[in-house]
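Enquirer: Can you keep this structure in mind? I'll have questions shortly.
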Amino acid sequence: MIFVKAYQEYTFFTKGYFIVFFSCFYIHCLYSQDIHLSQFNNTPLLRNPALAGIFTGSYRIQTAYRNQWGTVAYPYRTNVLGIENKLPLPNGNDFLTVGCSAFYDQAGIQGLKTQQILPVVNFHKSLGQDDISFLSVGFMGGYISRQFSGANLTFDNQYTNGRYSSSNATGENFVGLNRKVLDVAIGMSYNGQLGDNLLYYGGASLWHFNSPSANYLDKEIKLDMKTQANVGIRSTFTEFITLTFEGNYLKQGEYSETIVGGMISYNLLNNYAGQSADVEFAAIGLGAFLRLKDAFIPYGFIRYNKVEIGVSYDVNISKLKTAAQGVGSFEFSISYRGFYERANKSLLFLKCPKF
């Protein structure tokens, strides 16, 4: 009995130290890495500033929501917003895209919250008189804000005679753990068209090259530099069927991620012919992505006029699937794009950066 009681007390007391150690370690890991979404195709501003404005239309608003590790008491939630606005330059061949990338992320029991607001500007240079190929150079800069709360953590001071009470003082001070750092990113991309039915793009970006850092719990933590490579190709086989393949690779510190996938869409517009003049575009699609050594991701979407809705679900294939109890991560996205009401708008925006 004495041995058992001593072991229990040892377990209770070391549990607090373990949680503090793990939390501080995990804060360092989270601060050193960026958020990432499975629907990378619907969050271009998180991949490359030079992908801003690479779409058919004048403007686009995109939002996405991710819920990860829903089986734990404090799941990880991410909200993303992207705004892009294309502006033709006076010479009539080149374009400028201005916009903003913002997200809010809340990570686990540590209560680590991250907010980011990064304005973006992207210059698209036409590489020919046909205006079907463009070289884009993008820049993004702004502030990242992070707050940490230890309200949900437990510590050894809260155990008395082997019993835990949340009313006991923790002996820790988590006041004033708010940090803001300036962050910048640059990128390049090339997009073009082969024939009438094949669109493609490729690009690369560099993030955090200014090495932003903050003092957290008396320790300086730097945000590791990140590089990304982005590719995509889209082919229209018939007036009904379109195939799209995209991929993204990133490396940040010791962490790297490769995600690739494809989707097929079916044009429903002919089904509305003669029924409603309000329907300009309608399509449905299915596809899947693969995050190497981590997750298989089924994906479905529907497009109706200016709105596109996408849904995906991560099926974990890594060693974490046991800890996650077979529950993956859910993502939901909405995109809205349109043309400005201008004279000759169809001619003006037909030959512009698009994918």
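The values are calculated or read from the model by the stated rules, or taken from the named source; none is laboratory data. What you are looking at is a predicted structure, and each value in this text was computed from that prediction instead of being measured. Neighbour counts are summed over all protein chains in view; Cβ atoms, including those assigned to glycine, are modelled from backbone coordinates with ideal geometry.
Enquirer: Right, Gly310: within 22 Å of Thr236 (Cα to Cα), touching a Phe, Trp or Tyr at 6+ places or on another chain (Cβ under 6 Å), modelled with pLDDT of 90 or more and in a strand (DSSP E or B) or not?
Expert: yes
Enquirer: Suppose we keep only residues that are part of a strand (DSSP E or B) and either surrounded by fewer than 17 Cβ atoms within 10 Å (Cβ to Cβ) or hydrophobic (A, V, I, L, M, F, W, C) (or both) within segment 86-103. Which one would you say is nearest to the chain's Cα centre (by Cα)?
Expert: Phe103
Enquirer: Also, quick follow-up: So which residues in segment 313-355 are modelled with pLDDT of 60 or more, under 30 Å from Asn91 (Cβ atoms) and of a type outside the set (Lys, Arg), if there are any at all?
Expert: Those that are modelled with pLDDT of 60 or more, under 30 Å from Asn91 (Cβ atoms) and of a type outside the set (Lys, Arg): Ser335, Tyr336, Gly338, Phe339, Tyr340, Glu341, Cys352, Pro353, Phe355.
Enquirer: What tally of residues in segment 80-107 results from selecting those that are in contact with a Phe, Trp or Tyr (Cβ under 6 Å, 6 or more places away or on another chain), polar (S, T, N, Q) and under 11 Å from Thr43 (Cα atoms)?
Expert: Final tally of qualifying residues: 0.
Enquirer: Related question: Would you call Val181 under 18 Å from Thr43 (Cβ atoms) and either more than 17 Å from the chain's Cα centre (by Cα) or hydrophobic (A, V, I, L, M, F, W, C) (or both)?
Expert: no
Enquirer: So, in segment 15-73, exactly how many residues are part of a helix (DSSP H, G or I) and either under 19 Å from the mean Cα position of the chain (by Cα) or modelled with pLDDT of 95 or more (or both)?
Expert: Summing the residues that are part of a helix (DSSP H, G or I) and either under 19 Å from the mean Cα position of the chain (by Cα) or modelled with pLDDT of 95 or more (or both) in segment 15-73 gives 13.
Enquirer: If I filter segment 263-283 for residues that are in contact with a Leu (Cβ under 9 Å, 6 or more places away or on another chain), under 29 Å from Asp34 (Cα atoms), surrounded by 17 or more Cβ atoms within 10 Å (Cβ to Cβ) and modelled with pLDDT of 90 or more, do I get at least one hit?
Expert: For segment 263-283, residues in contact with a Leu (Cβ under 9 Å, 6 or more places away or on another chain), under 29 Å from Asp34 (Cα atoms), surrounded by 17 or more Cβ atoms within 10 Å (Cβ to Cβ) and modelled with pLDDT of 90 or more: present.
Enquirer: Going through segment 131-164 one residue at a time, which ones are at pLDDT below 75 and hydroxyl-bearing (Ser, Thr, Tyr)?
Expert: Ser149, Thr154
Enquirer: Given Leu250, Leu199, which one is within 19 Å of Ile297 (Cβ to Cβ), modelled with pLDDT of 85 or more, surrounded by 18 or more Cβ atoms within 10 Å (Cβ to Cβ) and not polar (S, T, N, Q)?
Expert: Every option except Leu250 fails the conditions.
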